[in-house]
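Here the structure is laid out as structure tokens; the discussion comes afterwards.
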Amino acid sequence: MKRHPYGCQRAMLWEIVMNLFRIVYYSERNHSTALDLRTLIATCHKNNTARSITGLLHFNGAYFIQVLEGARADVSDIYHRIAVDPRHINVILISATDARERIFPTWSMALHEGVDERSREIFLRYFSKERVDPETVNVDSLLDVLQDLSSEVV
């Protein structure tokens, strides 16, 4: 049995029983509302660890792309809270699907912030431009981009 990212084999047994669920969403930052990313990520780590939620948040200063993985009810609950959070506007659910395994098993919430030259190269490897159109994006390509970006997260 492989080791659970939180070091607990019991949690791995729970994952065998539960349906692993993944969502990917896009939203724009509401610039009229204060945003403290460090506090947000600290809260995510605390809450997500308790619920065995994993994922990655990409924020480029203007928009968010986030992947959440875990039990369906927990992931849905978090998404519905995000959808009404005043820090987000124009929230678009890109994908909501059952998953066979976690893409980000070691991150209660990884943060990839900004777009540097390396990030641009990653986006342009999969897309014709570095801005993602949430209405037309291929979710598999987007997940590949986010996995590649996660290699930059410390």
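The values are calculated or read from the model by the stated rules, or taken from the named source; none is laboratory data. Small disclaimer: the values here were computed from a predicted structure and weren't measured. All Cβ positions, even for glycine, are placed from backbone atoms using ideal geometry, and neighbour counts span all protein chains on display.
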Problem - Within the range 120-142, tally of residues that are small (Gly, Ala, Ser) and within 16 Å of the chain's Cα centre (by Cα) - result: 1
Handout entry: Residue satisfying all of: in the range 18-45; in contact with a Ser or Thr (Cβ under 8 Å, 6 or more places away or on another chain) and part of a helix (DSSP H, G or I); farthest from Arg87 (Cα to Cα) among these
Key = His45
Exercise for the section: List every residue pair whose Cβ atoms lie under 7 Å apart, where the two residues are 6 or more positions apart in sequence or sit on different chains, the first residue falls within the range 83-103 and is free of Cβ contacts under 8 Å to residues at least 60 places away in the same chain and closer than 13 Å to Arg29 by Cα, and the second residue, located anywhere, is in a strand (DSSP E or B) and basic (Lys, Arg). Expected result: Arg87/Arg29
Fill in the blank from the handout: Counted residues in the range 104-136 being closer than 16 Å to Cys44 by Cβ and either free of Cβ contacts under 8 Å to residues at least 40 places away in the same chain or small (Gly, Ala, Ser) (or both) come to 2
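Among the listed residues Thr54, Thr33, which satisfies the condition of being at pLDDT 90 or above, surrounded by 11 or more Cβ atoms within 10 Å (Cβ to Cβ) and either basic (Lys, Arg) or farther than 21 Å from Ser76 by Cα (or both)?
Numbers: Thr54 fails: either basic (Lys, Arg) or farther than 21 Å from Ser76 by Cα (or both).
Sole residue among the options that is at pLDDT 90 or above, surrounded by 11 or more Cβ atoms within 10 Å (Cβ to Cβ) and either basic (Lys, Arg) or farther than 21 Å from Ser76 by Cα (or both): Thr33.
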